[in-house]
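Here's the structure, in structure tokens; my notes come after.
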Amino acid sequence: MAIHFTLNGKPTTLDVNPNMPLLWALRDTLNMTGTKFGCGMALCGACTVHINGEATRSCITLVSSLAGKKVTTIEGLSPDRSHPVQKAWIEIDVPQCGYCQSGQIMSAAALLAKTPHPTDAQIEDAMSGNVCRCGTYNQIRQAIHRAAQLQTGGSKSANGTKDAAPVESAEQTVDVLAGGAE
Ligand code: FES
Ligand code: FES
């Protein structure tokens with residue numbers, strides 16, 4: 001049975017087994033590989049997307065549950081990597097291997113949409129389901145605070161200089177932040 005929903009702002013139809021997890025449909029049917037497979041059991045957060053604005057584990061979300069809903073993936077967070085979270089991630093140079101980062105970014109973006117200036121405790125609570133084997137947790141917390149500044153018009157960089165250019169290593173991670181890496 002065909003399921004109709006909105007994916008990254010576009011009307012989308014999936015005609016697959018309705019019991020297929022959304023993660024499988026994104027990666028294997030729609031060829032959108034920015035959302036990552038980690039555990040397949042809602043334990044790591046690598047597969048996080050937004051469904052109607054809520055951070056959701058796509059590995060345990062069945063296609064049949066999507067009818068009429070709005071799904072946003074890392075590819076749809078912004079058209080040009082201009083979302084405050086993406087900008088902060090580049091500025092702070094958060095990713096190491098990058099594998100967990102699209103899920104981290106989607107969880108952070110959902111948090112900031114509801115809580116524009118989260119405390120460390122609120123960040124810890126919202127991000128606790130997103131595992132990073134490279135241990136980038138301190139940079140993630142720093143970047144979320146920076147994104148909070150950026151989304152309310154802050155222009156000073158995290159090190160106090162105005163609109164500092166991203167460092168070269170951060171430039172190399174930009175594809176990860178926009179879902180470009182497979
Ligand atoms: S792959 Fe979905 S939470 Fe790990
Ligand atoms: S950056 Fe490597 S798993 Fe998080």
Checklist entry - Residue check: is I105 outside the structural domain of E54 (by TED's automatic domain parsing) and within 21 Å of N52 (Cβ to Cβ)? => result yes
Checklist outcome for this item: Only one of (1) buried (at least 22 other Cβ atoms within 10 Å of the Cβ); (2) farther than 24 Å from T13 by Cβ does not apply to D93, and that is (1)
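Condition check ((1) surrounded by 14 or more Cβ atoms within 10 Å (Cβ to Cβ); (2) assigned to a helix (DSSP H, G or I); (3) at pLDDT 95 or above) across all residues:
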| position | (1), (2), (3) |
| --- | --- |
| A108 | yes, yes, yes |
| H117 | no, no, yes |
| A126 | yes, yes, yes |
| V131 | yes, no, yes |
| I144 | yes, yes, yes |
Checklist entry - In this structure, is A108 more than 15 Å from ligand 1 (Cβ to nearest atom) and under 18 Å from T35 (Cβ atoms)? => result yes
Next on the checklist: For region 4-41, give me each residue that is without any contact (Cβ under 8 Å) to a residue 40 or more places away in the chain and within 12 Å of ligand 1 (Cβ to nearest atom).
Outcome noted: L23, W24, R27, F37, C39, G40, M41
Item to check | Sole exception among (1) more than 16 Å from G179 (Cα to Cα); (2) touching a Pro at 6+ places or on another chain (Cβ under 7 Å) for Q101, by number | outcome: (1)
Checklist entry - Could we say that S58 is in contact with a strand residue (DSSP E or B) (Cβ under 8 Å, 6 or more places away or on another chain) and closer than 24 Å to R133 by Cα here? => result yes
Checklist entry - Just to be sure, is I74 under 12 Å from the mean Cα position of the chain (by Cα), within 16 Å of ligand 2 (Cβ to nearest atom) and under 23 Å from E182 (Cβ atoms)? => result yes
Checklist entry - Which residues, taken from region 23-56, are out of contact with any Leu (no Cβ under 7 Å at 6 or more places or on another chain), part of a loop (DSSP other than H, G, I, E, B) and surrounded by 22 or more Cβ atoms within 10 Å (Cβ to Cβ)? => result G34, K36, C44, G45, A46
Checklist entry - Hey, any hits in region 79-87 for a residue that's assigned to a helix (DSSP H, G or I), more than 15 Å from ligand 1 (Cβ to nearest atom) and basic (K, R)? => result yes
Checklist entry - Do we have any residue at all in region 115-127 that's touching a residue at least 12 places away in the same chain (Cβ under 8 Å), within 24 Å of N52 (Cβ to Cβ) and in contact with a strand residue (DSSP E or B) (Cβ under 8 Å, 6 or more places away or on another chain)? => result yes
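The values are calculated or read from the model by the stated rules, or taken from the named source; none is laboratory data. The shown structure was predicted, so the numbers you read here are calculated from the model rather than taken from an experiment. Heads up, the Cβs are rebuilt from the backbone with ideal geometry, glycines too, and the neighbour counts pull from every protein chain shown.
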